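Participant: Here it is, the structure in full.
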Amino acid sequence: MKIRETEVGTGRPLVCVPVLEKTKEEVINEIEYLAESAADMIEWRLDAFEHFTDYNEGREILQHAAPLLKKKLFLYTFRTAKQGGMASVDRETLTDLHDLATESECVDLIDLEFFEEEHPARKIRKLHKQGLKVIASHHDFYETPDREVMKMLLEQMCAGGADIVKLAVMPQNMEDVLKLLSVTNEFKEENPDTPVITMSMGKAQRSLLRHTKKRVHPVRWRCTKWRIFWRESIKSCKMRSFAPTGFANL
C-alpha cells in the first residue's frame with residue numbers, strides 16, 4: 001500500500017514516533033523536532049493534549065504542522081481511556097475530533113478504535129470519502145486472548161474496510177507472545193494486501209525480540225525524549241512508563 005510517496009507493508013519497517021505533549025506550544029515544538037528526525041511517521045496522540053476540546057487550538061496545531069510534514073506520514077489518534085488512553089469522551093465529541101482531522105491538509109491516517117464504534121464500517125467508509133486512510137485498532141491490556149479470538153478480531157477489522165489493522169495484547173508468558181506472532185503470520189498470509197500491526201506489551205516480548213531475527217512488522221513505534229522508539233537510528237530516547245512497548249507489523 002502506498003500513502004503519498006511512502007510504501008507501507010513492504011520493505012523495511014517504518015518508524016513511528018508518538019507526540020504526547022500537553023500544551024499547544026509543546027506539541028508544535030515536538031512536531032518541528034520530529035519533522036527533522038529520522039522518523040518515517042509522526043503520531044499525534046490527541047488524548048494527551050490538555051485542550052483537545054478546544055477545536056481552534058487543534059486547528060492551529062494542524063495548520064502549523066502541515067508545511068512541516070511533506071516528507072513524513074502523519075497519524076492522528078485519540079486513544080480513549082477504555083482502550084488505554086488518557087481521556088474519556090462521548091461519541092459526539094470523538095466524531096468532532098475526527099472531523100477536525102479531515103479538515104486539515106496534513107493528516108494521512110486516522111486511528112479508529114474499531115470495536116468502540118457503533119457502526120465502524122460506516123465510519124471507515126466516511127473517512128475514506130474524506131481522503132483518509134484508516135488504522136482500525138483494538139487493545140487488550142489484561143490478557144492475550146485465545147488464537148481464535150485474536151484471529152477473529154483481525155479479520156473483523158479487515159472486513160470492515162480498514163486499510164491497516166492493529167491489535168495490542170498483554171502477554172502473561174512467552175507462550176502468549178509466540179501465539180500472537182503465529183496469529184499475525186497466519187493473518188498476513190491470508191490477507192497479503194492488508195498491512196497488520198500487532199503488539200505484545202510488556203517484558204516477555206522484549207526477551208523474544210532479543211533472541212529472534214525474524215521481522216514481521218512493517219511499522220515500529222519508538223520515542224524521542226518522552227516517546228517510545230522502535231529503531232536505534234533515532235537517538236536520545238527517554239522511556240515513558242505509561243507508553244506501550246511492543247513490536248508492530250505494518
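Participant: Straight-line reach from Lys123: which aspartates and glutamates have Cα under 18 Å away, leaving out those fewer than 8 places along the same chain?
Facilitator: Candidates past the 8-residue exclusion: Asp90, Glu92, Asp96, Asp99, Glu103, Asp108, Asp111, Glu113, Glu155, Asp163.
Participant: Using the structure shown, list the pairs from Lys24/Lys71; Lys133/Lys166; Lys151/Lys188 with a Cα-Cα distance above 18 Å, or answer none.
Facilitator: Lys24/Lys71
Participant: Could I ask something else about it? Sticking to Cα atoms, compute the Rg of the stretch 1-137 to one decimal and its Dmax as the biggest Cα-Cα distance, whole number, in Å.
Facilitator: My reading of the Cα-based Rg and Dmax gives 14.2, 39 Å.
Participant: Could you please report the charge total around Ser137, scoring K, R as +1 and D, E as -1 over all other residues with beta-carbon less than 15 angstrom from its beta-carbon?
Facilitator: Cβ neighbours under 15 Å give a net charge of -3.
Participant: Given a Förster distance of 25 angstrom, what is the FRET efficiency for Glu60 paired with Glu36, based on the Cβ-Cβ distance and rounded to 0.05?
Facilitator: E between Glu60 and Glu36, to the nearest 0.05, is 0.75.
Participant: Another question about this same structure. Among the trypsin sites (Lys or Arg not before Pro) within the stretch 42-92, which fall in a DSSP loop and have no more than 12 other Cβ atoms within 10 Å of their own Cβ?
Facilitator: The qualifying sites are Lys70, Lys71.
Participant: Counting other C-beta atoms within 10 Å, which of Met157, Met1 has the fewest, and how do the rest follow?
Facilitator: Going from least to most buried by this count: Met1, Met157.
Participant: If you don't mind, there's one more thing I want to ask. How many nm separate the modelled label positions at Thr10 and Asn185, each set 7 Å beyond the Cα in the direction of the Cβ?
Facilitator: 2.3
Participant: Same structure again: How high is the relative contact order of the stretch 26-184, in percent, counting Cα pairs under 8 Å that sit 6 or more residues apart?
Facilitator: Value for the stretch 26-184: 18 percent.
Each value in this text was obtained by applying a stated rule to the coordinates, not by laboratory testing. In this text the structure is predicted, and so the values were computed from the model without any measurement. Methodologically, a virtual Cβ is constructed for each residue, glycine included, from the backbone with ideal geometry; neighbour enumeration extends over all protein chains shown.
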